[in-house]
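Asker: Let me begin by handing over the structure; questions about it come next.
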Amino acid sequence: MAADTDFDVIVIGAGFAGLHQLHRLRRDGWRVLVLEKAPAVGGTWYWNRYPGARCDIESFDYQFSFSSELLDEWKWSERYAAGPEILAYLEFAAERLDLKRDIHLNTIVVSTAYDESQNSWAVTTDDGRMLHATFVVMGVGNLSAIKQPDIPGLGDFGGQWFHTAAWPPDPVDLTGKRVAVIGTGSSGIQTITTIAPAVSRLYVLQRTPNYSMPAQNHVVSEQEWLEVMSGWPERRRLCEWSDAGTPLPPATRAAVDVSSADRDAEYEAGWQRGGISALSGAFTDMFVSEESNAYAQEFARRKIREIVTDPEVADRLSPRHHIGTRRTCVDTGYFETFNRANVELVDLLSEPISRITPQGIELAGRELVVDVIIFAIGFDAITGALDQIRITGRGGLELKQKWAEGPVSLLGLQTADFPNLFFITGPGSPSVLSNMVVSIEQHVDWIADALSYLRSSGFACIEATPSAEAAWMEHVTALVNATLYPRADSWYLGMNIPGKPQVFTVYVAGCGPYRSECEQVVAAGYRGFSLTNPLEPREARTNEQ
Ligand code: NA7
């Protein structure tokens with residue numbers, strides 16, 4: 001019997017990724033432990049409990065596909081599920097699949113270090129434990145390390161302040177309060193729209209305006225549910241082989257090839273259908289042609305001008321960047337919110353914040369007196385949560401050190417010198433440009449299949465080779481450089497975090513092409529990975545073809 005500190009696999013994080021990885025590896029006969037810092041399962045949906053938190057992927061597609069029990073027994077209430085419903089789903093999944101007995105909650109992983117002599121990882125936790133596992137899987141999330149507010153004077157503020165991604169578990173009553181929201185990304189937009197009717201005064205502090213598409217959200221009727229679920233396996237297959245992990249049929253025409261009337265009709269149809277791809281899914285050339293993108297931008301700005309009654313406010317809310325190159329938001333009545341008498345848009349480009357005072361926020365020239373400040377200022381995306389753990393590979397090399405100039409990986413799954421360490425939706429995979437649940441499932445299965453393969457072939461160690469990962473990153477970079485993405489100052493590029501290397505590490509060709517790459521690697525005998533058995537040396541197998 002193995003000691004309680006020894007496992008085959010330690011998985012870090014109990015969100016969608018960690019829960020599924022535990023279930024799959026347990027089914028395959030491995031001894032698995034999940035470590036989770038929160039007091040409950042749920043990952044991003046545990047922490048982001050701000051008012052109005054809601055998914056921007058349709059509920060039908062933002063659920064696990066591997067369990068018929070979950071599919072049969074869970075029913076989403078709305079087209080786009082609200083945060084509490086998704087959190088309840090993950091709780092339900094953890095209970096229904098009996099996962100909780102192998103999850104240690106309230107446990108922060110401090111470090112994890114590879115010991116070559118044992119082919120084993122030592123994982124240390126904040127409560128002083130040291131655990132061991134042959135394999136470690138990082139299911140820590142792409143948007144879980146929060147960007148901390150660093151505005152001078154915050155410590156002196158006499159009211160309450162919150163970060164959307166660290167929202168307290170107990171309800172926060174904002175009724176009748178004077179509130180300032182800083183940040184107008186997805187979290188800010190959802191918060192602003194939701195709290196505006198309840199607060200007495202709402203200041204929206206905007207630095208960069210963002211495109212936001214109408215959700216066209218609705219309650220899922222019994223009939224819609226039956227219709228969708230009767231064709232659900234095929235719908236899921238479409239998601240898996242699509243670009244964004246959603247079932248939307250791919251565009252077939254370039255915007256530059258059609259008449260302006262046709263273009264507008266296509267955009268209008270997208271606007272009425274709603275959702276994140278309302279405009280970006282309309283034409284094939286949206287992310288590669290300045291001209292095509294400009295047409296969609298103008299359509300979006302026109303919509304803002306139509307909705308917002310004050311032309312000056314409409315202008316300040318109108319984004320100028322290439323649509324889609326910063327994360328497009330999805331809303332229910334966001335722009336309409338600025339027609340309310342109790343809401344004021346504060347343009348931080350013309351009125352920058354000087355400091356926070358005991359009463360509120362001092363701008364250049366005036367003070368906003370508020371009871372509550374809400375920071376919706378985002379995340380240290382993709383690598384931030386990994387950076388919070390001291391990860392040490394071969395020869396004492398730290399991951400942070402290896403990735404000092406930007407992350408390098410093979411398929412976003414592994415990085416050389418860190419044997420048997422896997423990343424779920426790591427840098428170099430479709431990650432944040434895809435439906436995360438679809439991408440997570442694919443990674444979970446790839447990792448589990450790889451471990452089964454190692455076991456059945458007499459290997460105990462898998463590691464990306466330096467040449468294969470260099471080639472992969474070159475491919476990832478070439479793909480993105482052929483698009484408009486690098487033209488925007490975005491968190492995709494790490495530009496929101498001072499000092500962070502500005503590298504675009506998302507695979508932009510989409511879920512289907514990526515899945516195909518992963519399958520080809522396996523079919524070629526784990527091409528680009530070195531398979532060994534360090535404790536029973538025999539010929540290693542490295543397939544660089
Ligand atoms: P985002 O998309 O990173 O948005 C953060 C917002 O906060 C954005 O408008 C920023 O303006 C603003 N920001 C950040 N720092 C500051 C400071 N110091 N002062 C003023 N404004 C600031 O984060 P979200 O949480 O909204 O969304 C992240 C993802 O989560 C989202 O895409 C979904 O996938 C779920 P900036 O653009 O930098 O000028």
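The values are calculated or read from the model by the stated rules, or taken from the named source; none is laboratory data. Bear in mind that the values here come from a model prediction, so they are computed numbers and not experimental data. FYI the Cβ positions are ideal-geometry reconstructions off the backbone, even for glycines, and counts take in every protein chain you see. Heavy atoms of the whole protein, side chains included, go into the accessibility calculation; ligands, DNA and RNA do not. Shrake-Rupley method; radii C 1.70, N 1.55, O 1.52, S 1.80 Å.
Asker: If amide hydrogens are placed 1.01 Å from N in the peptide plane, which non-local residues have theirs closer than 5 Å to the one on residue 329?
Answerer: 211, 212, 213
Asker: Can you show me the helix-derived [θ] at 222 nm for the chain, built from DSSP H runs with n ≥ 4 at -39,500 (n - 2.57) apiece and divided by the number of residues, rounded to the nearest 500. Mind dumping the intermediate values first?
Answerer: Values: 15 runs with 162 residues, N = 545.
Calculated from helices alone, the mean residue ellipticity at 222 nm is -9000 deg cm²/dmol.
Asker: For region 154-375, what is the percent of antiparallel DSSP beta bridges, rounded to the nearest 5?
Answerer: Values: 7 of 28 bridges.
Bridges in region 154-375 are about 25 percent antiparallel.
Asker: What nm distance separates the two modelled labels at residue 105 and residue 354, each placed 7 Å from Cα along Cα→Cβ?
Answerer: So the two model labels end up 4.6 nm from each other.
Asker: Something else now. What do you get when you divide the Cα radius of gyration of the chain by 2.2 N^0.38 Å, with N the number of residues? Please report the intermediate quantities before stating the final value.
Answerer: Working: Rg = 23.7 Å, N = 545, 2.2 N^0.38 = 24.1 Å.
Here the answer is 0.98, to two decimals.
Asker: Kindly write out, for region 359-368 in residue order, the coupling ³J(HN,Hα) from the Karplus curve 6.51 cos²θ - 1.76 cosθ + 1.60 (θ = phi - 60°), rounded to whole Hz, with x marking Gly and Pro.
Answerer: Each residue's phi maps through the Karplus curve to give 9, x, 10, 9, 9, 5, x, 7, 10, 8 Hz.
Asker: Roughly what angle does helix 16-27 make with the longest principal axis of the chain, taking Cα atoms, 0 to 90 degrees, to the nearest 10?
Answerer: 20
Asker: Also, I was wondering about something else. From the phi angles alone, apply the Karplus equation (6.51, -1.76, 1.60; θ = phi - 60°) to region 404-410 and give each ³J(HN,Hα) in whole Hz, x where the residue is Gly or Pro.
Answerer: So the Karplus estimates, Gly and Pro as x, are 4, 9, x, x, 10, 8, 9 Hz.
Asker: May I pose another question? Kindly identify region 188-273 as rounded, prolate or oblate by the Cα gyration tensor criterion: order the square roots of the eigenvalues as a ≥ b ≥ c, call it rounded if a/c is under 1.5, otherwise compare a/b with b/c, prolate if a/b is larger, else oblate.
Answerer: Details: a/c = 2.28, a/b = 1.30, b/c = 1.75.
Here region 188-273 falls in the oblate category.
Asker: Within the accessible area of the chain, what % is carbon and sulfur when the probe is 1.4 Å and the other protein chains stay in place?
Answerer: Working: 11250 of 21740 Å².
The C+S portion of the solvent-accessible surface of the chain is 52 percent.
Asker: Give, as a single signed number, the net charge of other residues whose beta carbon lies under 15 Å from the beta carbon of residue 393, with Lys and Arg counted +1 and Asp and Glu -1. Don't skip to the answer; put the middle values down first.
Answerer: Numbers: positive: 390, 394, 400, 402; negative: 115, 116, 387, 398, 417, 463, 469.
Charge balance in the 15 Å sphere: -3.
Asker: Let me ask another. Classify region 412-483 from the C-alpha gyration tensor, please: rounded if a/c falls under 1.5, else prolate or oblate depending on whether a/b exceeds b/c. The partial results should precede the final answer.
Answerer: Values: a/c = 2.85, a/b = 1.40, b/c = 2.04.
Verdict is oblate for region 412-483.
Asker: Taking all protein chains together and a probe of 1.4 Å, list 463, 73, 91 from the most accessible to the least accessible.
Answerer: Details: 463 20, 73 95, 91 60 Å².
The most accessible residue leads, giving 73, 91, 463.
Asker: OK, next. Taking amide H atoms as placed 1.01 Å from N in the peptide plane, list the residues 5 or more away in sequence, or in a different chain, whose amide H sits under 5 Å from that of residue 163.
Answerer: Sorted by chain and number, the residues that satisfy this are 375.
Asker: A follow-up question, please. Working from Cα positions, state the angle (0 to 90°, nearest 10) between the long axis of helix 466-481 and the longest principal axis of the chain.
Answerer: 20
Asker: Please report the antiparallel percentage of the DSSP beta bridges confined to the chain, to the nearest 5. Please list the in-between numbers first.
Answerer: Numbers: 28 of 68 bridges.
Restricted to the chain, the bridges split so that about 40 percent are antiparallel.
Asker: Mind putting a number on the dipole of region 154-375 about its Cα centre? Charges go on the C-beta only, +1 for Lys and Arg and -1 for Asp and Glu, and I need it in Debye to the nearest 20.
Answerer: On the way: 21 positive and 30 negative charges, 72 e Å.
Magnitude of the dipole: close to 340 debye.
Asker: Moving to a separate point now. So between residue 288 and residue 474, what do we pick up on full extension, going 0.36 nm a residue minus the alpha carbon distance? Present the calculation step by step, with values, prior to reporting the outcome.
Answerer: Details: separation 186, 0.36 × 186 = 66.96 nm, distance 1.88 nm.
Contour length minus Cα-Cα distance gives 65.1 nm.
Asker: Under unit Cβ charges (Lys, Arg +1; Asp, Glu -1), what dipole magnitude, rounded to 20 debye, does the chain have relative to its Cα centre? Mind dumping the intermediate values first?
Answerer: Numbers: 46 positive and 69 negative charges, 106 e Å.
Using Cβ point charges on Lys, Arg, Asp and Glu, the chain gives about 500 debye.
Asker: Could you sort the peptides 423-430, 493-500, 239-246, 467-474 by per-residue average Cβ neighbour count (10 Å cutoff), highest mean leading?
Answerer: Numbers: 423-430: 28.0, 493-500: 15.5, 239-246: 21.9, 467-474: 17.5.
Those peptides, ordered most packed to least, come out 423-430, 239-246, 467-474, 493-500.
Asker: Alpha carbon centre of region 80-153 versus region 329-381: separation in Å?
Answerer: Answer, in whole Å: 33.
Asker: Something else about it: Let me know the shape class of region 41-158, please: from the alpha-carbon gyration tensor, a ≥ b ≥ c as square roots of the eigenvalues, rounded when a/c is under 1.5, otherwise prolate if a/b is greater than b/c, or oblate. Don't skip to the end; give the middle numbers.
Answerer: Details: a/c = 2.45, a/b = 1.14, b/c = 2.14.
Verdict is oblate for region 41-158.
Asker: Restricting to Cα pairs below 8 Å that are 6+ residues apart, what does the relative contact order work out to for region 154-375? Please round to a whole percent. All intermediate terms of the calculation are to be shown ahead of the outcome.
Answerer: On the way: 346 pairs, mean separation 79.5, N = 222.
After rounding, I find 36 percent.
Asker: Remind me, relative contact order of the chain in percent, using alpha carbon pairs under 8 angstrom and six or more residues apart? Working shown, then result.
Answerer: Working: 1103 pairs, mean separation 103.4, N = 545.
Relative contact order, the chain: 19 percent.
Asker: Return the long-range amide H neighbours of residue 146 (sequence gap of 5 or more, or a different chain), with a cut-off of under 5 Å between placed amide H atoms.
Answerer: Correct list: 380.
Asker: Also: Please report the antiparallel percentage of the DSSP beta bridges confined to region 1-148, to the nearest 5.
Answerer: Details: 11 of 23 bridges.
Antiparallel bridges: around 50 percent, rounded to the nearest 5.
Asker: Where does each of 126, 4, 264, 61 land when they are ordered by accessible area, with a 1.4 Å probe and the largest first?
Answerer: 4, 126, 264, 61
Asker: Between 0 and 90 degrees, rounded to the nearest ten: what's the tilt of helix 511-523 against the longest Cα principal axis of the chain?
Answerer: Relative to the chain, helix 511-523 is tipped by roughly 10 degrees.
Asker: Ordered by residue, what ³J(HN,Hα) values in Hz, to whole numbers, does region 319-325 give under the Karplus form 6.51 cos²θ - 1.76 cosθ + 1.60, where θ = phi - 60° and Gly and Pro are x?
Answerer: x, 10, 6, 5, 4, x, 7
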